[in-house]
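Where a number appears in this text, it was derived from the coordinates with a stated rule and is not lab data. Since we're looking at a predicted model, the values are computed, not measured. Heads up, the Cβs are rebuilt from the backbone with ideal geometry, glycines too, and the neighbour counts pull from every protein chain shown.
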Amino acid sequence: MTDTNDQKYLLQQNPWYQASAGSAIVSGVFAGIVLTLLLIQTYHIRWTDPKQTDKLAALRKSYQSGPADEILAEEIRQKDTRQRRAQYARLQFVHRGSVLFVFWLAAFVGSLTWMRSFRQKLPHPVRQTDLSIRQIQFADRSRLAVAMALTLLGGGGLFVALRPGQPPTSGAAEQEFATGQAEDRPVFASWEQMKQNWPVFRGPEGSGVCPFEKIPTQWDGPSDQNIRWKTAVPLSGHNSPIVWDKRVFLTGASEKKQQIFCFDADNGSLLWNGDVPVSTDPQRKEMSILEETGYAASTAATNGAYVAAIFADGQVGCFDLTGKRQWVCSLGVPASAYGYAASLTVYEDRLIIQMDQDYEPGASKLIALDITSGKTLWQTERPVPNSWSSPTVVQLNGRAQILASGSPWVIGYDPADGKELWRVECLGGDVAPTQVVSQGKVFAVEPYTHLVAIDPAAPSEEGTPGRLLWAAEGSIPDISSPIVSEQLVWTLDTGGTLGCYDIRDGSKVYAQDLDAMFQASGSLVDQILYLQSTKGKMILLKAGSVFEKVAENELGEEIFASAAFAPGRIYLRGTHHLYCIETKL
Amino acid sequence: MKDRFGKINNGSAAVLLAIGAFAAGFTGYVLLDRANHSGKRAGADYRYPIEELAKIDPAKILYRQVGTAIETGMESAAAIEADWAGNFYVAGDRAVAVFSGDGSKRRDIPLVSEPTAIGVGEDGLIYAGLSDRIEVYSSDGQQVSAWAPIHTALLTAIAAGKTDVFAADALHKIVRRFDKQGNPLGLIGAKDPDRNIEGIVVPSPYFDLLIAPDGLLRVVNPGRHRIEAYTFDGYLEWHWGRPSVGLEGFSGCCNPIALAALPKGGYVTCEKGLVRVKVYDEEGNLVGVVAGPDQLGWQEPLRVCEKPEDCISRGLDAAVDGQGRIYVLDQSKNVVRIFEKK
Amino acid sequence: MKKSAAKTLIVLIILFWTGLAGGVRRLPPPQFETDYQIPTATEPPPRMSVWDPADVAVLFGALLLSSWLTLKKRSRRWIVGLMIFSLAYFGFWRKGCICPIGAVGNVSLSLFDPSYALPAAATAFFLLPLLAGLFFGRAFCGAVCPLGAIQDLVVLHPLMVPGWMETALRLGAWLYLALSVLYAATGSGLLICRYDPFIAFFRLSPNSLLWLLGLLFLAVGVFIGRPYCRFVCPYGLLLRQAGRLSRRHVTITPDECIHCRLCEDVCPFGAIDKPTAHWPAEIFARDRRRMIFLFVLLPVLVAVGGWIGYRVHPALAQGNPTVALARQVQEMESGRMTELTDPIKAFHTTGTSVGALYAQRDQVLQKFAVGGTLVGAFVALIAAGKLIAVSIHRVRTDYQANRAGCLSCGRCFAYCPRQRIADKPESAGNRGSEKESAV
Amino acid sequence: MSDQNVPLSRRQILRDGLWTASLTACGAAGAALAALSRRDSYVWQINPHKCIGCDRCATHCVLSESAVKCVHAYSMCGYCDLCTGYFDPDPKSLDTGAENQLCPTGAIRRRFIEEPYFEFTIDEKLCIGCAKCVVGCSAFGNGSLFLQIRHDRCLNCNECAIARVCPSQAFVRVPSRQPYLMKDQI
């Protein structure tokens, strides 16, 4: 207390203190100046130089585009030289300046340290009041501080984790989110509602069985008989129509465009079309797309609130029923020998994609996306090569299951988490027909080889769930899926041979050549088989154990797609048009 | 003098302040660093305006592609030739593949080594250049003759006339003249100040020639960016063409790389680098563009390759049939594109 | 002449044929008529790796010297001298590379990426200071680390950071360490080196933004002693643990503490522990209960930390180049981004499919999911450990250097009267020398 | 005193145990890392076949003047008169005037050898590694100009600042015995 002024006086008298203070001021000022200059130079290098070169570039451009102008050339040369000199000088300055700065800074710090040594005060311990209180206080404060820091870190982490627009966790991930409020719309329709519509490929359970009444049996496309409407489809595709309420959906694509179309079920007018961007992946250009497959072979799927479509390049797009795009995600261009063709299916709020492809092991997956957001809910690896059959959601053994075929298995999955429920090894080759279900049994086809029946509830010989019941051979299709009634199974191969088998043991009931080519899968309506040939002829047969033709109806256009049904109506997609067939009164 | 506790308490306020300042500074730094990370670029003058150069006025494009690109099925296709009837012949992979005009393969003529050139005579004979020698095949694939190898040569083009066969040798930058039996008759295009021939410059292995309807040879001189007309005896008559990255000239260091004659007069030229196929009239005036970078699926000049050989950019070759359809062979993608007048 | 021409021709032919065999469509260089010789590009060599052992030797020597200076010689002046040498050698001469702090990243990377070859020098730089720490305390931090030295020299007006604040702030350093290991292990970059604040100083490259970061640290360091070492340095955390266990350690007094309390406030890093008071029994009992509660809470904290870490992992993974590229490509695919960026262009020219990229991305994300969970759990564990530690009451009778926090800078020696006696009993009252030795 | 001795010695035993464990861990880590280590040090280099010729090498190096510079593989060069790595895309005349030069810093030198060949060399002091000439040469010519990290300048940062921003991830670590990836040699 008492010696402060004396100390100050003494210090001021000390020439070494004066010297240290002086050198501190001088070096500090120099360091400051050098630092300022360096900052200015850095600013120039970062901001002014690029602008200067851009100016020069503009000058050069005008020179190059005009006739040989000597004056302009000279100006460019001079500007160029000047600019390079300036740049060189700046670099030089930065090199030297940084050394200078470090030097002056060291000098500054050194003299401050020196100066400080004169002002060193003796430690001045003071009697402490109560050590234990202070120590307890310290412990309490530490505890509080650590807890606060932890809360801060945790809170920060949570903020980062839960903030909207959160980057993808895995799989398909990053999507485009809808701006509208998804909350006030229903996310999915009930199973009962699904059954009153035709929401996915070959109907609710994907079996091609139509539960509706008053389905026309007579029509003729060329003469417009019983054709309610006919609308041109802007883009081609071999996918089948799906129907929800008063809307019919299908998709089309070309090399440059991929769209989903929504038609009015009553008059066929195009209500909306939605774009799904084409993948920019260079692999897309090199995709092997057969003409028989095309860019849009996969049928779309709807769950009553959303409709989604997938294209040959693995781009998935989802729209609400009014045509507002909800999200797009890309699964990568599938490696598929004939092009990707599996249709989509839905289970409640999830979109099921069978992505079987020919990369290395692990490339084939069954994927469930949240249909509202496109986020991956689960994905299950499938140890199978590329296949062209579609997944189906069915009710089996009292629960919903997803079925998917791929060489060499038919596998049942749990729609909740993608866990495998059962699998039966029974297939081979390029699997394209889709499995169907009747009476708790699953029927699948190995192309050209055999038709198999599986009881997923029974154990196999090894004790694993799923038993192969029988395998039937002869006139086995390669593309179209089987049709099954309560007693019989029918298969139809591309060459037109219809095989009929007993559902119990697979024994052949009859085989008949229909004298036409078939690619689309047929349907079963009220004890009548509807089989559409590629040339556009629909052959109607009695679904009995004896071959009996009911009718033959011409559409007047080639058909590669399966039919969709609604009460009293058939929706048929020809190569160019969508038809609505209804018996006119 | 400050009291001890007072000092500590003041200190903690200062410390908090300092830490706050530091945290702010650090956050600012990280933000700046992140912005800098993506944004810091040199000025426009430091970038090559390759994308601007690749743009072509659509009005200048006079041709359109017929169908999709035809896969040759080869690993490395070297040359293409077409006959009057619209068949085309692709040399590559130790074979000559003969295609009909719709793109279906008619036959493969197997060769003993990789072909580098192909020529088809009016008599239908197929001349396959195998680096340093020529083998002759009939149109049904039977070998007619195999000529004696030339000691070191890289034949990149063959033109068969009624009595003479000419081959472009890229290694020696010279045109070799043969009779129909394969006997050498002479060399054309060597540097010769007496005959006012500056010589042919071939910096990259693309060197093409043809026999024009007027009976003169047309030889590409890529290093000088021009097409030169020689008599069969090796006299340089005239030349046309000039270097320019603009549409009317030949771009880059060494272009054009390939040449074909249209049946109604005029020439088709191919350029590598900035890939362009263009049509010129007899005098060397630009008529129009057959296909530009966009139409030919051109990618960035620099690619990311795992193996160096994947990075080698390869060129084009062109041929024309009797209807004036232009067949463009893309050596890097091993496909043939057919172009027709719009 | 003829012979040489033939020779050239043979060379050319070989060149050409090998070129063609590899599918390279390139002609041999022109045949010059003049006697022009085709030059070859110069290849200025990098610093020879024979110097690496020299660096290791210097480090080893400096560590020994620093240990000797702090434990035996007990001279701040000599320590400052060694600091200046280390700053000059490891800092300005060797440009701050390789340094033990950054070697944490190299070591983590080499453990998880078998294709990365860890330089032997990095191994030595990582382990030697730790070994020295186990034997002699933080001798490395004291006078060998160039980052420490540059900060130590600017401590001019130190303010006391309250101990509780320091304890809490160090949690950030633990997080930094965990993240650095995570990033290195997933091949996403070496964070410690990326944000090394003084590297731009050592490299004299004022164009870099890091220069500003260095200035910021130095400016703060005038008032808060060695901020990087105490609140950021991930390697310092490892050395703290080594210091705790070290065989020998810096002591304030050369022999016995006389409780004069002169050293009480002189450590600018708050690393002098005071003698403890007698704790009231009820506090003991309370803190014991608290400790038991914390032990029970520990798994919960760790689980919550792990969960948060798991939730944050996608955000963390954005620092990985593959994930960042996949994100860009995805935005492009979904049509949300329209302008082609260079990485996307480069990716497209590789011919790799988007699906393959996504598969790669998913692999990286999986690593981050595991790593993020571990990071979260680890930080929670450390925090819980800290909470438990403040509930344990140790008994201390003397003023002593905190074994973990002491940076071996030797400032306190001069304040101990016992040291004065040991040094020069005859000049204890000499004012001039006192001033100097107090530097 | 004896009361306090018991906990103290217990603590001492704990500490000794931990110390021995740590030392053993250090030793084990040393041995394990030694097995992973290479005597040879590694340096950064650009794989020229992965470079796409953006200009980030010029701007992102920690040095004020980038350690990345253009290198010429002479044996790949066509010695063209119209060098697309040297001249502006559409030069008015093939001379060394600044208005015709491509290089913004004038770092490429052109020298006449014999008709029609010219030699192009890099003046490394001027080169800033912007890759403009690399794009020009690769787009139209043989691609004999390419970028390399010059080790007389490179500080071999542990975390290379350019490698971090390289859009094609062309930066690789190579053994310091062979510190260059010359385009004509790989």
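Can you give me the convex hull volume of the Cα atoms of region B:78-126, divided per residue and expressed in Å³?
Spelled out: Cα convex hull of region B:78-126, divided by residues, is 64 Å³.
With θ set to phi - 60°, apply the Karplus curve 6.51 cos²θ - 1.76 cosθ + 1.60 along region C:266-280 and write out the HN-Hα couplings as whole Hz, x wherever there is a Gly or Pro.
Result, ordered by residue: 7, 7, x, 9, x, 9, 9, 8, 8, x, 8, 7, 7, 7, x Hz.
Between C:147, C:357, C:213, which gets the highest mean-square fluctuation from a Gaussian network model of chain C, Cα cutoff 10 Å?
Result for chain C, Cα springs under 10 Å: C:357 fluctuates most.
Which lysines have a Cα less than 22 Å from the Cα of residue A:375, not counting those fewer than 8 places away in the same chain?
A:324, A:365, A:419, C:367
Any idea what diffusion coefficient the protein assembly as shown gets from Stokes-Einstein, in µm²/s, Kirkwood Rh on alpha carbon pairs, 4 °C, 1.567 mPa s?
Answer from the Stokes-Einstein relation: 34 µm²/s.
If you plug each phi of region C:248-255 into the Karplus form 6.51 cos²θ - 1.76 cosθ + 1.60 with θ = phi - 60°, what whole-Hz ³J(HN,Hα) values come out, in order, with x for Gly and Pro?
10, 8, 4, 10, 6, 9, x, 10
Evaluate 2.2 N^0.38 Å with N set to the residue count of region A:4-118, then give the Cα radius of gyration divided by it.
It is 1.83.
Ranked by Cβ crowding within 10 angstrom, fewest neighbours first, how are B:90, B:201, C:395 ordered?
Neighbour counts put them in this order, fewest first: C:395, B:201, B:90.
Let me know the mean shielding of C:150-160 by other chains, meaning the per-residue number of their Cβ atoms within 10 Å of its Cβ.
For this peptide, the per-residue mean of nearby foreign Cβ atoms is 4.
Defining a contact as two alpha carbons under 8 Å apart and six or more residues distant in sequence, what relative contact order in percent does region B:50-341 show?
Dividing the mean separation by the residue count of region B:50-341 yields 17 percent.
GNM, chain D, Cα, under 10 Å: largest mean-square fluctuation among D:128, D:13, D:149?
In this elastic network of chain D, the residue with the biggest mean-square fluctuation among D:128, D:13, D:149 is D:13.
With +1 on each Lys and Arg Cβ and -1 on each Asp and Glu Cβ, and nothing else charged, work out how big the dipole of the protein assembly as shown is about its Cα centre, in Debye to the nearest 20.
Here the size comes out at about 9360 debye.
Sorted from largest down, give the three principal axis spans of the alpha carbons of chain B, whole angstrom values.
If we take the Cα atoms of chain B, the spans are 115, 46, 45 Å.
So if R0 is 22 Å, what FRET efficiency would residue A:10 and residue A:124 give, r being the distance between their Cβ atoms, rounded to the nearest 0.05?
Computed FRET efficiency for residue A:10 and residue A:124: 0.75.
Just report the Cα centroid separation between region C:122-142 and region B:102-148, whole Å.
75
Once amide H atoms are placed 1.01 Å from N in the peptide plane, what residues at a sequence separation of 5 or more from residue B:116, or on another chain, have their amide H within under 5 Å of its amide H?
So residue B:116 has HN proximity to B:129, B:130, B:131.
Between their Cα atoms, which of B:333/D:183; A:257/B:333; B:60/D:92; A:535/B:341; A:257/C:345; A:8/C:424 are more than 26 Å away from each other?
The pairs that break the limit, which is 26 Å between Cα atoms, are A:535/B:341; A:8/C:424.
Where in chain A are the DSSP H helices whose alpha-carbon span along the long axis reaches 20 Å or more and whose Kyte-Doolittle mean is at least -1.0?
Span-like helices here: A:15-43, A:70-118, A:131-162.
How far is helix C:354-389 tilted off the main Cα axis of chain C, in degrees rounded to 10, range 0 to 90?
It works out to around 10 degrees.
Which lysines does residue B:180 reach when only Cα atoms under 24 Å apart count, and residues fewer than 8 places away in its own chain are ignored?
B:162
Normalised radius of gyration for chain A, please: alpha carbon Rg relative to 2.2 N^0.38 Å, two decimal places.
The reported ratio for this selection is 1.54.
Residue by residue through C:257-265, how many Cβ atoms from other chains fall within 10 Å of the Cβ on average?
3
On a C-alpha basis, how far is the centre of region A:212-283 from the centre of region A:493-509 in Å? Whole number, if you could?
That distance is 32 Å.
Of the peptides A:248-255, A:229-236, B:171-178, how do they stack up when ordered by the mean number of other Cβ atoms within 10 Å, highest first?
A:248-255, B:171-178, A:229-236
Return the aspartates and glutamates within reach of residue A:51: Cα separation strictly under 20 angstrom, same-chain partners fewer than 8 residues apart disregarded; answer none if there are no such residues.
In chain and number order, the partners are A:75, A:80, B:45, D:55, D:65, D:88, D:99.
Compute the acute angle (0 to 90°) between the alpha-carbon long axis of helix B:4-39 and the principal axis of greatest extent of the alpha-carbon atoms of chain B; round to the nearest 10°.
Rounded to the nearest ten degrees, it is 10.
Mind listing the long-range amide H neighbours of residue A:469? Cut-off is under 5 Å, sequence gap 5 or more, other chains count too, H placed in the peptide plane at 1.01 Å from N.
A:453, A:454, A:455
Taking 1 over the mean of 1/r across every pair of different Cα atoms in region C:174-240, what Kirkwood radius in Å do you get?
After inverting the mean inverse Cα-Cα distance, the result is 12.8 Å.
Non-local amide H neighbours of residue A:272 (under 5 Å, H modeled in plane, Pro and chain starts lacking H): which ones?
The answer is A:262.
When you look at the Cβ of every residue in D:56-67, what mean number of other chain Cβ atoms sits within 10 Å?
Taking all residues of D:56-67 together, the mean is 6.
With r as the distance between the Cβ atoms of residue A:51 and residue B:31 and R0 = 30 Å, compute the FRET efficiency 1/(1 + (r/R0)^6) and round to 0.05.
0.80
Just the number: Rg to Rh for region C:281-389, Cα atoms, Kirkwood Rh, two decimals.
We get a ratio of 1.30 for region C:281-389.
What's the exposure ranking of C:160, C:337, going from fewest to most Cβ atoms within 10 Å?
Fewest-to-most Cβ neighbours within 10 Å comes out as C:337, C:160.
Given the options B:217, B:130, B:17, which has the most mean-square fluctuation in a GNM of chain B, springs set between C-alpha atoms less than 10 angstrom apart?
B:17
Of B:55/B:278; A:55/A:79; B:264/B:342; A:55/B:272, which ones are farther than 20 Å apart at the Cα?
A:55/B:272
Quick check on the exposure proxy: order C:40, A:299 from fewest to most C-beta atoms within 10 angstrom.
Lowest to highest Cβ neighbour count: C:40, A:299.
Quick check: Cα centre of region D:75-95 to Cα centre of region D:24-64, how many Å?
If you average the Cα positions of each part, the centres end up 36 Å apart.
For region D:42-175, report the convex hull volume of the alpha-carbon atoms normalised per residue, in Å³, without decimals.
Per residue, the Cα convex hull of region D:42-175 comes to 105 Å³.
Please report, for the Cα atoms of chain C, the Rg to one decimal and the Dmax as a whole number; what are they, in angstrom?
Reported Rg and Dmax, both Å: 28.7, 106.
Debye sum, Cα scatterers, region B:139-281, no solvent: what log₁₀ I/I(0) at q = 0.15, 0.21 1/Å?
For region B:139-281, the Cα-only Debye profile gives -0.73, -1.34.
Under the definition of Cα pairs under 8 Å and six or more residues apart, what whole-number percent is the relative contact order of chain D?
In percent, rounded to a whole number, it is 34.
Got a sec to turn the phi values of region C:55-69 into Karplus ³J(HN,Hα) couplings, 6.51 cos²θ - 1.76 cosθ + 1.60 with θ = phi - 60°, whole Hz, x for Gly and Pro?
Along region C:55-69, the couplings run 4, 4, 5, 4, 4, 4, x, 5, 5, 4, 4, 4, 4, 5, 5 Hz.
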